[in-house]
Amino acid sequence: MSAFRLNLRDGVGTNLSDKSISFSFDGKSYRGIEGDTLASALLANGLSIIGRSFKYHRPRGVFTAGSEEPNALVTLHSGGRTEPNIRATEVELFEGLVARSQNRRPSVNFDLMAVNQLAGKAFSAGFYYKTFMGPALRGHKATRFWWVCEQFIRRAAGLGRGTTIPDPDHYARMNAFCDILVVGSGAAGLAAARRVAASGVRVIVCEESARAGGALASSPDFIDGEPAREWSADQIAELSAMDNVSILTRTTVQGYFDDNTFFAIERVTDHLAHKDRTVPRQRAWNIRAKSAVIATGALERPMVFAGNDRPGIMLADSARRYAVEFGTAPGRAVAVFTNNDTGWLAARDLAKAGVIVTAIVDVRTDIEASIRVLGEECRATIHSGSAIRSVKGMRGVNGIVIATYNELTGELGADSKTIACDCVAVSGGWSPAFHLTSQQGGKPVWDTELQAFLPGDPLQKWHGAGAMAGEFGLAQAFRSGEEAALKALADTGVAMPKQAAKIGSGPDIDGDEIDYAPAPVFEINSGGKSFVDLQHDVTAEDVRLAHREGFVSVEHLKRYTTLGMATDQGKTSNVTGLAIMAAASNKPIADTGTTRFRPPYTPVAMGAIAGEKYGHLAAERLTPMHDIHVESGAGMYANGPWMRPETYNLPGETVEQAYIRETKAVRAGVGIVDVSTLGKIDVQGPDAAEFLNRVYTNGFAKLPVGKARYGLMLREDGFLFDDGTTWRFDEHRYLMTTTTAGAGRVMEHLEYYRDFVWPDLKVALASVSDEWAGVAVAGPKSRELLKVCVKKCDVSDKGLPFMGLVDGVIADIPVKIARLSFSGELAFEVYCGAHWGSALWHALMSAGRKLDVVPYGLEALSTLRIEKGHVAGPELNGRTTPHDLGLSGMVSSKKNFVGSVLLQRETFSKQDRLQLVAVKSLDGQRIRGGSHLVAGSKDEPGISQGHTTSTCFSPELGCYISLALLEGGYKRHGEKLFATNPVRDAHVAIEVLSHHMVDPEGGRMRG
Amino acid sequence: MRLTCPYCGPRDHQEFTYRGDATAARPALDNTSVDDHNAYVYDRSNPDGLHRELWNHTSGCRTHMIVERNTVTHDVVSCEPVGPFAEQLK
Ligand SMILES: [Zn+2]
């Protein structure tokens, strides 16, 4: 294999198997080893440039070995599975994996946009604000200028691109409960999990990576005489076997919410070459824990120096892990630059794995002898009290220039020495990963000794352990893990036997004693571009510029410079940025404060959040007659959650031909339509009449038994809320129908008044939408049809007058028949118990056979009501009042009702309000819904005077028509305007009409 | 966040629907003052701290309850049923 793959042996490549794997990057085929991440495989193949940076298009390489990676972002897969901005450091390699680099044109090695590097000043802090939110520019508002420039800048400055193709995978939502959640399975998490599991409580352990064990996996230490990784594997195996413990690997806890609720994403099949389609791609977990142990470790942070973003520069512990876990040399010759002992440990382990370490550069002069020994072990030259002045090489590192460094003044000496190397392993100390507890509102506290923020006091039931809580080192991790476990057990109320409640001495550890506290050096300021936030290309100078311009609060600094606002949320840059800000303002870091972390911890696929609420797993509501519609060849249409027949197409018919035919058949003869989706609410009680009278605008107090009435409901602000008919079955019993879409909110609305406003009224409400099936029978021959099949009641005009209601029987099915009309024709609605729905449908169809009855769908239903001028959802849009829709006659002046007072507001009686009209196409063109009504030409349409709401072709008028809301529309019948729709490139000449287009006197439906 | 429904016990907030500020009382039916109705519909104090809210267990038993909640810490202090059956639920 390549020069970068080390000689794999015991302790080198501990994560790797011996199976070779092929994968592709930017169209070229490469080989890796099972157990590699994409990042380690790319490094092993000698690929150092993985992507281009966000603003300046500088070449960037792998910077870390974990989910905190700011640089090595790639796009995975293709087609509907395309996923941009994925951290190569987290991608487990599998056979056939396809990855591409991002933000490069045309290639990652030669990028035209890299010219942005020369325009560095133009892209400095606050660039967007200064350029586009500023004063007007040559007559253009600055925002307008932004629109022009946006498309170019967005293309130049950006990350990967997603896809518009639907995601073919499915996702699941999970809910879990446990006594104690342990987040992180490193030494501290493991110690805590062992302790709590032994007490028998229910434990869930979440581990972000593929294998539990955290840093133990690459630790050089021995525990109880075993290599740490083997010891941890045994411990995990023991834990996994316990019934009260679940270990979720590849599971990132993303959020910590109220009531000790945690949100986690489990990546189930992402790492598999052959994905089992019967399991979800990812699971989104809601985990409720009585208490939690947070053992999320710490993130190593870099030091800031000129040229610190060059490919080949990475964090020291990550470089060490690439060698130990992945058997990959991060470079041919590695120089270490550090302000703490971590760098020395990395140097020693790199050398032990077979990597050449040329130099160790440490800003400190006072270095423990035991640490200096580590440097001597790897035969590196040691430069203490020194720092990097600059980096040689443009597309990679071919050397560093170092100088003596004064730790107290932060000044570099005039001397310089060049060290040849192609990799710099940098350590600037460690930042505890308390993102979860910070999300909760916990205020981090600066620890001067550790030069790090610690999580601060808990606001909920959690206990920190290990590096997350500032307890660095294995022994401290074990001890703090056990301590946290006992506190968590106390939260759950489990009484511990006295003996068990003691902290043991922990396992026997044989390893290096190192001090994780760094020297307080964050930046080596030698001029030249020094990056703080690698992903958003924020430099140290940007931070100082923001300070000079008056951005002194960290929250402002963050937004102005965009520091920490990229997809990595500044995991490796936040503390450094704050330190530079603090230095600029001459304040201690403790006084500068931190910003609060927000969920999610790492980017989350939208599909995982949507879960089964979207796509083929989404719930669908089917009416009792659904199967008949499908068998009859109806095209089914999603109307909210409901599946409804759109049209019953005859062979060769288009949707438009079908609904025109169906509409004509109803107007000329008879048709039936499934109206089971209407919301239905059973209203009962001695005060039911009074209650209805208060929620409807029109009178309901005197509705006789055996009658139905159309009613309007308002919101309290006077706007229309819903409409429908309510039937009085009995003295104390009504059936209210609502619009299909409004069913849920009307029920909530009524319950609000019943429970909260008028609890003294004796009225009971029950949603019965699913209990009834309903069929509307419409057309001049509808009574004839009913006469064929209805028994035990009179459906003549006398027996069943307009708005009348009778009980009857059709084909042995007990039914309620109301004479209501949505179409404007003589019509009836027949209701029966839902389980009789299909039998009723068949009975009505066969009764109408000789009358040539047609089933009609949603399109014809809509066409009939538009022609009639009946309003529905598009007109009841939350911004219209009864006065706007020609329904003033429905508003009682004799009573007070919900909305009656605010309906009196002056603005609602203005004559220039949008009022309901109809429009018809004069030039044969189709009118689009949502078209604006204008007086001008297509090119100069002028100001919008209104818009179209519900449109169709009207067989009755022989042209395209639409209902519309038009300024002062009632007085504009006969006016000629245009319905313009620039999005659809349509501009239709129209004439304004009264919305009563069919049978305005209502003779047909009353006949 | 979890709310303790007086009927069903502690349940996830996603089962509930927020019905608004419980301190906003609708004027009596015979009150036709536009100002009073305006205050009921639009005026809200948005307190920083304890707040009384009306919630409905819409995806459960549909009981309405008044939830006293701290808008800063999200601590739920109490959940009391309201409505014609409130007494039986207490
Ligand atoms: Zn409930």
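The values are calculated or read from the model by the stated rules, or taken from the named source; none is laboratory data. Keep in mind that this is a model prediction, so the values were computed, not measured. Reconstructed Cβ throughout: ideal geometry from the backbone, glycine too, with neighbour counts over all protein chains shown. Accessible surface is based on the protein model in full, side chains and every heavy atom, while ligands, DNA and RNA are left aside. Shrake-Rupley method; radii C 1.70, N 1.55, O 1.52, S 1.80 Å.
Taking segment A:168-198 as the search range and keeping residues that are at pLDDT below 95 and surrounded by fewer than 20 Cβ atoms within 10 Å (Cβ to Cβ), which one is farthest from the chain's Cα centre (by Cα)?
Taking the candidates together, the pick is A:A198.
For B:T23, indicate whether it is more than 12 Å from the ligand (Cβ to nearest atom), at negative phi and within 10 Å of chain A (Cβ to nearest Cβ).
no
Residue-by-condition table, conditions (1) away from chain B (no Cβ under 14 Å); (2) closer than 20 Å to A:Y831 by Cβ; (3) assigned to a strand (DSSP E or B); (4) at pLDDT 95 or above:
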| position | (1), (2), (3), (4) |
| --- | --- |
| A:R728 | yes, yes, yes, yes |
| A:M736 | yes, yes, yes, yes |
| A:R754 | no, no, no, yes |
| A:A776 | yes, yes, yes, yes |
| A:V788 | yes, yes, no, yes |
| A:P801 | yes, yes, no, yes |
| A:D807 | yes, yes, yes, yes |
| A:P814 | yes, yes, yes, yes |
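Could you list all residues from segment A:638-660 that are aromatic (F, W, Y), touching a Gly at 6+ places or on another chain (Cβ under 8 Å) and within 22 Å of A:G837 (Cβ to Cβ)?
Of everything in segment A:638-660, just one residue is aromatic (F, W, Y), touching a Gly at 6+ places or on another chain (Cβ under 8 Å) and within 22 Å of A:G837 (Cβ to Cβ), namely A:Y648.
Kindly indicate whether A:A701 is surrounded by fewer than 20 Cβ atoms within 10 Å (Cβ to Cβ), within 14 Å of chain B (Cβ to nearest Cβ) and farther than 19 Å from A:V775 by Cα.
Answer is yes for this residue.
What pairs come out if I take residues in segment A:888-908 that are within 13 Å of another protein chain (Cβ to nearest Cβ) and assigned to a helix (DSSP H, G or I) and pair them with residues that are among the hydrophobic types (A, V, I, L, M, F, W, C) and open to solvent by less than 50 Å² (accessible area, probe 1.4 Å) whose C-beta lies under 8 Å away, six or more apart or interchain?
A:L902/B:V41; A:L903/A:L714; A:L903/A:V891
Restricting to segment A:221-243, name every residue that is small (G, A, S), within 20 Å of A:A198 (Cα to Cα) and surrounded by fewer than 22 Cβ atoms within 10 Å (Cβ to Cβ).
A:A233, A:A237, A:S240, A:A241
Taking A:G607 as meeting all but one of (1) in contact with a Lys or Arg (Cβ under 9 Å, 6 or more places away or on another chain); (2) under 30 Å from A:S427 (Cβ atoms), write down the number of the exception.
Among (1) in contact with a Lys or Arg (Cβ under 9 Å, 6 or more places away or on another chain); (2) under 30 Å from A:S427 (Cβ atoms), the lone unmet condition for A:G607 is (2).
Kindly state which helices (runs of 4 or more DSSP H) lie completely within segment A:528-613 and contain at least 2 residues that are in contact with a His (Cβ under 7 Å, 6 or more places away or on another chain).
Here the list reads A:574-584.
Check whether at least one residue in segment A:277-299 is in a helix (DSSP H, G or I) and either within 30 Å of A:S526 (Cα to Cα) or over 22 Å from the mean Cα position of the chain (by Cα) (or both), and report yes or no.
No, segment A:277-299 contains no residue that is in a helix (DSSP H, G or I) and either within 30 Å of A:S526 (Cα to Cα) or over 22 Å from the mean Cα position of the chain (by Cα) (or both).
Please state which one of B:R11, B:R44 is more than 16 Å from the ligand (Cβ to nearest atom) and either β-branched (V, I, T) or touching a strand residue (DSSP E or B) at 6+ places or on another chain (Cβ under 6 Å) (or both).
Every option except B:R44 fails the conditions.
Scanning segment B:49-90 for residues that are of a type in the set (V, I, T) and crowded, with 16+ Cβ neighbours inside 10 Å, which turns out nearest to the ligand (Cβ to nearest atom)?
This residue is B:T63.
Assuming B:L3 fulfils every condition listed in (1) under 24 Å from A:L459 (Cβ atoms); (2) open to solvent by less than 20 Å² (accessible area, probe 1.4 Å); (3) away from the ligand (no atom under 12 Å from the Cβ); (4) out of contact with any Ser or Thr (no Cβ under 7 Å at 6 or more places or on another chain) apart from one, which condition is it?
Here B:L3 clears every test but (3).
Please work out which one of (1) in a loop (DSSP other than H, G, I, E, B); (2) in contact with an Asp or Glu (Cβ under 8 Å, 6 or more places away or on another chain); (3) of a type outside the set (K, R); (4) within 14 Å of chain B (Cβ to nearest Cβ) is the condition A:P759 fails and give its number.
(2)
Does A:V934 fit the bill of being under 10 Å from A:F978 (Cβ atoms) and not small (G, A, S)?
Spelling it out, A:V934 is indeed under 10 Å from A:F978 (Cβ atoms) and not small (G, A, S).
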